[in-house]
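Please treat every number below as a calculation from the coordinates, not as lab data. Computed from a predicted model, the values in this text were never measured in an experiment. For neighbour counting, all protein chains shown are included, and Cβ atoms are generated from backbone atoms with ideal geometry for every residue, glycine included.
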Amino acid sequence: MKTIQWKNAIIAGIIGTILFDLAGLAFTGTWWDIPEILGAKTGLGLAYGVIAHYSNGILLAILFAGIAPSLWGPKWLRAIIFVIAETVALVWLFMLPLLGAGVAGLDMSPMMPIITIIRHLAYAIPLIFLIQYDLKSLKI
């Protein structure tokens, strides 16, 4: 399969974001902590934060669907490589410092890097099962 299956990518992004939020609830005891932060920082409220958060989850799944065939290893490992790279580059080195939490969120808590990785690994689960591509037809 050489094209993105848009429906699967969108569904994977939504389910992945729900799993991300459930993992966050397990660690922080707060539901929709990320949407609350987004809404507060932009001044646009929780509704905007939820839309932005889930849109981001969908866009990341679409991005993964497009580049997954170019990554290394079996399907499950490709999703893990993607979310770890995304977490380090976009969360640890960009978003958390931008929010004043320091690199990897260490100024907030020494547990923040672990929590963010686990949340993103939860997000990866539907990417593994719903994003389809044929490894046999690829030259790897």
| Counting other C-beta atoms within 10 Å, which of 123, 133 has the fewest, and how do the rest follow? | 133, 123
| request: Quote the FRET efficiency, to the nearest 0.05, computed for residue 33 versus residue 67 with a Förster distance R0 of 35 Å and r equal to the Cβ-Cβ distance. | output: 0.80
| segment 54-72 and segment 29-52: distance between their alpha carbon centers, rounded to Å | 22
| remark: Under the 7 Å Cα-to-Cβ spin-label approximation, residue 6 and residue 81 lie apart by a distance in nanometres of 2.8
| remark: Ranked from fewest to most other Cβ atoms within 10 Å of their own Cβ, 28, 116 fall in the order 28, 116
| request: Can you tell me which of 3-10, 41-48 comes out highest on packing, and rank the rest after it, using the mean Cβ neighbours within 10 Å? | output: 3-10, 41-48
| Ascending count of other beta-carbon atoms within 10 Å, so fewest first, for 117, 67 | 67, 117
| remark: Expressed to one decimal in nm², the mean projection of the alpha carbon convex hull of the chain is 8.2
| Among 22, 99, 71, which one shows the biggest mean-square fluctuation in a GNM of the chain, springs joining Cα atoms closer than 10 Å? | 99
